[in-house]
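Student: Here's a structure for you.
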Amino acid sequence: MLYREAGQFKATYAEDMAIFPIRQDRIALGILLGIAFIGVPLLVTFHIWPFASEYLLWAILLPFLILALAAIGANILVGYCGQISLGSGAFMAIGAYSAYKLGTGVHIPLVWLGFAISIPPLPVLSSILLGGLTAAVVGILFGIPSLRIKGLYLAVATLAAQFFFDWVFLRVPWFTNYAPSGSVNAPELNFFGLIVRTPIERYLLCLIFVTVFAVLAKNLVRGNLGRQWMAIRDMDIAAELIGIRPLYAKLTAFAVSSFIIGVAGALWAFVYLGSWEPLAFSIDRSLQLLFMVIIGGLGSIMGSFVGAAFILILPIMLNLIPSELGVPLSTETITHLEFIIFGSLICYLLIKEPHGFARLISIGKEKLRLWPFPY
Amino acid sequence: MIGLGQFLEVLIGGLMSGVLYSLVALGFVLIFKASGVFNFAQGAMVLLAGLALVRSLDLLVTWGFPLWAAIILGIGFAAVIMAITAWLIERFVIGPLVNQDALTLFMSTIGVTFILEGAAQMIFGSDAYPLRLFPTDAWFLFENLFPGGILLNKLDVWGGFIAGILVASLAIFFERTKTGRALRAVADDHLAAQSVGIPISWIWFVVWLAAGLVALVAATVWGTKLGVQFSITFLALKALPVLIIGGLTSIPGAIVGGFIVGAGEKIAEVFLGSHIGGGIEYWFAYVLALAVLLVRPQGLFGERIIERI
């Protein structure tokens with residue numbers, strides 16, 4: 001009834017190739033963006049439920065946006081290009097720390113050459129983007145082995161990146177500006193004179209980043225490059241035979257994915273954490289991102305959002321529901337239950353629905369299009 | 001200046017911890033050989049086996065069993081738990097995923113890892129438990145040859161001994177018994193093995209059971225050294241580079257790889273780490289594995305990967 005596309009004719013190629021060819025989709029997206037950009041700030045300003053306290057904004061929406069961005073990055077590599085990566089956390093860390101170094105000024109004393117490289121502190125926006133760029137360069141370096149090795153072997157190679165960078169940021173004091181505790185503070189978030197401080201400003205900042213990158217990523221995977229990635233994922237030898245260069249396709253996937261993950265890492269550190277230490281980007285973070293991608297949907301931008309939301313909300317639900325029902329669980333039990341539920345869900349989804357929640361949603365949409373006559 | 005004695009001590013210590021890595025790596029190799037599944041859950045299985053053993057031991061001792069009986073019963077109980085786990089995994093995860101590609105199977109074992117970690121800690125508790133099955137005091141060797149002698153941990157010797165027995169029995173099992181031959185047939189080709197009447201689900205159960213028992217052995221040795229606790233699963237991640245270096249399908253490869261990683265990282269830590277900040281043990285094995293991958297993707301003993309177009 002509501003979701004019928006009868007009467008929507010596509011008269012031009014541009015209409016035929018639009019991201020959202022169906023009017024209802026466009027309206028739904030418009031409403032969603034409207035709520036995100038206008039509704040939430042209004043509710044927060046007037047302290048209306050559920051935004052009466054800052055909990056929802058600070059503990060759910062902000063991490064959701066940033067982790068969804070990182071999940072988009074991971075999805076490009078794992079879901080679209082089929083190169084499994086257990087090192088996403090490391091690339092987040094690279095983004096965060098290089099943004100930090102650029103934001104506070106880089107000084108490399110080259111004593112044996114007799115001079116020093118000094119870069120003055122850069123503005124926040126450029127240091128975040130350059131942090132992403134650094135992550136992209138490192139991503140390409142660690143992507144080079146993917147030309148010789150595949151699948152499981154590559155997973156170990158990315159794990160090498162994870163452990164190596166965990167160590168680098170923990171043990172090399174240059175990266176933390178010689179902070180004695182090893183934890184660093186983000187510079188002031190000054191965007192062209194606008195200083196981002198309150199939670200709602202932080203939220204809007206992340207929202208802008210996520211919207212821009214999601215649109216870019218969506219267009220990228222629909223285009224030439226995305227099709228090359230998917231061809232490599234589905235069957236690399238066949239892709240090579242029809243003229244796709246595996247070198248170029250795989251390395252671009254590594255670069256784009258690491259760039260987005262790096263930007264997400266910089267945002268996570270600057271906007272969400274404020275001050276952080278290497279533990280924030282450990283292997284747990286990598287696995288968490290991988291789960292978001294698997295549960296949300298391999299090879300789907302929307303799936304990245306759904307997966308991120310699910311992984312963030314499930315622990316909170318596990319906290320709330322039993323205590324509402326009068327059977328409070330201990331925090332330990334909740335952590336273990338979380339483990340078990342995530343694990344079971346991954347197994348279940350891999351067996352029953354390899355494309356995750358995103359696929360379930362599109363099945364639902366397909367059914368709505370035909371409803372109430374299923375044929 | 002570092003003397004020969006100290007070098008030997010570091011080398012021997014490294015080789016001995018390498019034995020422990022090999023023990024976990026063996027579990028990986030068994031499963032990979034027989035089913036083509038890269039089993040990320042091996043570390044979680046070590047945790048489960050260790051927790052089952054140590055908790056049942058504690059309980060049996062408080063019930064008044066003599067220690068030797070408690071040990072036997074405890075090991076039996078842990079073995080039963082591993083058998084149940086193997087059956088559950090085969091029945092509910094790996095069985096339905098038959099004929100899927102290797103990556104899907106790999107990701108499903110990540111799921112299994114989380115289920116096992118959560119369940120093991122929920123059932124058996126999540127503290128650190130001490131386990132005392134082997135002597136852990138040290139011997140000093142060649143005291144007249146080097147100043148101070150060479151320190152050698154008795155536990156490491158026990159570990160090496162047990163690993164030797166384990167490898168020998170696994171080799172006999174794979175080469176001589178009917179099930180062993182069936183295992184190798186399944187590893188070569190699922191479909192062909194099924195069509196000559198090999199019950200594939202039974203074979204997979206046997207494989208996961210064997211991996212579970214290897215995990216139990218690893219847990220007894222490691223648990224004695226470090227106590228049974230959650231961090232054991234992270235140490236098991238060390239087994240991945242061991243596998244890459246040794247080759248995914250080779251039991252001797254797992255042993256040699258373990259030696260290389262164990263000795264390599266200890267030597268690197270002592271002689272290189274002091275110059276660049278310490279703690280490089282953490283990633284040295286992985287970077288070594290990366291180097292091996294670039295030169296020889298199949299590892300030292302692995303089967304050559306041949307791809308046809």
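The values are calculated or read from the model by the stated rules, or taken from the named source; none is laboratory data. Predicted, not measured: the structure shown is a model, and the values here were computed from it. Don't worry about glycine lacking a Cβ; one is built from the backbone with ideal geometry, like all the others, and counts go over all protein chains shown. Each accessible area value is taken on the protein alone, full model and side chains, heavy atoms only, with ligands, DNA and RNA left out. Shrake-Rupley method; radii C 1.70, N 1.55, O 1.52, S 1.80 Å.
Student: Can you tell me what the convex hull of the Cα atoms of the protein assembly as shown projects to on average, as an area in nm²?
Tutor: Mean shadow area of the hull around the Cα atoms is 38.3 nm².
Student: If R0 is 51 Å, what FRET efficiency do you get for B:Val295 and A:Thr211 from their C-beta distance, rounded to 0.05?
Tutor: That pair, B:Val295 with A:Thr211, gives E of 0.70.
Student: Extending each Cα 7 Å along its Cβ direction at A:Tyr55 and B:Ile172, get the distance between those two points in nm, one decimal.
Tutor: Placing both labels 7 Å beyond Cα along the Cβ direction yields 6.3 nm.
Student: If you count, for each residue, the other Cβ atoms within 10 Å and average over each peptide, how do A:104-111, A:207-214, B:51-58 line up from highest to lowest?
Tutor: B:51-58, A:207-214, A:104-111
Student: GNM on chain A, C-alpha springs below 10 Å: top fluctuator among A:Ser98, A:Ser275, A:Ser330?
Tutor: Maximum among the listed residues: A:Ser330.
Student: More than 23 Å apart: what percent of Cα pairs in region A:42-150 qualify?
Tutor: When all Cα pairs of region A:42-150 are counted, 51 percent exceed 23 Å.
Student: Mind listing the long-range amide H neighbours of B:Asn153? Cut-off is under 5 Å, sequence gap 5 or more, other chains count too, H placed in the peptide plane at 1.01 Å from N.
Tutor: B:Trp139
Student: Enumerate the amide H contacts of A:Phe191 below 5 Å, restricted to partners 5 or more residues apart or on another chain; note that Pro and chain-start residues carry no placed amide H.
Tutor: For A:Phe191, the qualifying residues are A:Val196.
Student: Now a separate question. If each of A:Thr331 and B:Phe234 carries a label point 7 Å out from its Cα toward its Cβ, how far apart are those two points in nm?
Tutor: Taking the simple label geometry, A:Thr331 and B:Phe234 are separated by 1.8 nm.
Student: Which log10 I(q)/I(0) values, to two decimals, does chain A give at q = 0.11, 0.12 Å⁻¹ under the Debye formula with one point per Cα?
Tutor: These q points yield log10 I(q)/I(0) values of -0.85, -1.01.
Student: What ranking do A:219-228, A:258-267, A:116-125 get when scored by the average of other Cβ atoms within 10 Å per residue, highest first?
Tutor: Descending packing order for the listed peptides: A:258-267, A:219-228, A:116-125.
Student: Taking Cα pairs under 8 Å and at least six residues apart, what relative contact order does region A:1-132 come out at, in percent?
Tutor: 13 percent
Student: Once R0 is set to 56 Å, what does the formula 1/(1 + (r/R0)^6) return for the Cβ-Cβ distance between A:Ile48 and A:Ser118, expressed as a FRET efficiency to the nearest 0.05?
Tutor: With a Förster radius of 56 Å, E is 0.65.
Student: Is any helix in chain B, taking whole DSSP H runs, at least 24 angstrom long along its axis by alpha carbon and on average at least -0.5 on the Kyte-Doolittle scale, and which ones?
Tutor: The qualifying helices are B:4-35, B:42-62, B:67-89, B:102-124, B:154-176, B:200-226, B:251-271.
Student: Mind checking the mean number of beta-carbon atoms from other chains within 10 Å of the Cβ atoms in B:84-97?
Tutor: Average neighbour count from other chains, rounded to a whole number: 2.
Student: Now a separate question. Which helices count as membrane-span-like in chain A under these terms: full DSSP H, at least 18 Å along the axis by C-alpha, Kyte-Doolittle mean of -0.5 or more?
Tutor: A:62-75, A:88-104, A:124-143, A:151-171, A:199-222, A:246-267, A:283-296, A:301-324, A:331-352, A:356-370
Student: Per residue and in Å³, how big is the convex hull formed by the alpha-carbon atoms of region A:230-369?
Tutor: 176 Å³
Student: Determine the order of B:Ile75, A:Ile72 by accessible area, beginning with the largest, at a probe radius of 1.4 Å.
Tutor: Highest to lowest solvent-accessible surface, that is B:Ile75, A:Ile72.
Student: 5 Å is the cut-off here: which amide hydrogens, built 1.01 Å from N in the peptide plane, fall below it relative to B:Val228, excluding neighbours closer than 5 in sequence?
Tutor: Those qualifying (amide H under 5 Å, at least 5 residues apart or on another chain) are B:Tyr129, B:Leu131.
Student: When chain A is modelled as a GNM with alpha-carbon springs shorter than 10 Å, which of A:Leu349, A:Leu113, A:Leu204 fluctuates the most?
Tutor: Looking only at A:Leu349, A:Leu113, A:Leu204, the biggest GNM fluctuation is shown by A:Leu113.
Student: Let me check something: with ligands and nucleic acids excluded, how do A:His47, A:His336 order by accessible area (1.4 Å probe), largest to smallest?
Tutor: Correct descending sequence by accessible area is A:His47, A:His336.
Student: Taking beta carbons within 10 Å but only from partner chains, what does the mean come to for residues A:327-339?
Tutor: The mean count of partner-chain Cβ atoms within 10 Å per residue comes to 3.
Student: Please give the average number of partner chain Cβ atoms lying within 10 Å of the Cβ of each residue in A:342-355, rounded to a whole number.
Tutor: Counting Cβ atoms of other protein chains within 10 Å of each residue's Cβ and averaging gives 6.
Student: State the Cα centre-to-centre distance between region A:255-331 and region A:160-221 in whole Å.
Tutor: 15 Å
Student: Let me ask another. With +1 on each Lys and Arg Cβ and -1 on each Asp and Glu Cβ, how big is the dipole of chain A about its Cα centre, in debye rounded to the nearest 20?
Tutor: Using Cβ point charges on Lys, Arg, Asp and Glu, chain A gives about 820 debye.
Student: Take chain B, connect every pair of alpha-carbon atoms lying under 10 Å apart with a spring to form a Gaussian network, then pick out the residue of B:Ile280, B:Ile12, B:Ile72 with the largest mean-square fluctuation.
Tutor: In this elastic network of chain B, the residue with the biggest mean-square fluctuation among B:Ile280, B:Ile12, B:Ile72 is B:Ile72.
Student: If each residue of separation counts as 0.36 nm, what is the full-extension length gain between B:Lys154 and B:Asp58 once their alpha-carbon separation is subtracted?
Tutor: Separation in residues times 0.36 nm, less the Cα-Cα distance, equals 32.2 nm.
Student: Separate question: Report relative contact order for chain A in percent, whole number only (criteria: Cα-Cα under 8 Å, sequence separation at least 6).
Tutor: Computed over chain A, the figure is 28 percent.
Student: Oh, and also: If packing is taken as the average count of other Cβ atoms within 10 Å, what order do A:6-17, B:30-41 fall into, highest mean first?
Tutor: Per-residue mean Cβ counts within 10 Å order the peptides as B:30-41, A:6-17.
Student: Next up: Considering the options B:Trp222, B:Gly253, B:Ala268, tell which one lies farthest towards the positive end of the dipole of region B:180-289, charges being +1 on Lys and Arg and -1 on Asp and Glu at the Cβ, about the Cα centre.
Tutor: It is B:Trp222, whose Cα lies furthest towards the positive end.
Student: Ok, one more. Pop the C-beta distance of A:Ser362 and B:Ala102 into the FRET formula with R0 = 22 Å and round what comes out to the nearest 0.05.
Tutor: The calculated FRET efficiency here is 0.25.
Student: Which value in nm describes the separation of the simple spin-label points at B:Arg132 and B:Trp202, placed 7 Å from the Cα toward the beta carbon?
Tutor: Reported label-point gap for B:Arg132 and B:Trp202 is 4.5 nm.
Student: When a/c is below 1.5 the answer is rounded, else prolate if a/b is larger than b/c, else oblate, so apply that to region A:113-236 with a ≥ b ≥ c taken from the square roots of the Cα gyration tensor eigenvalues.
Tutor: oblate
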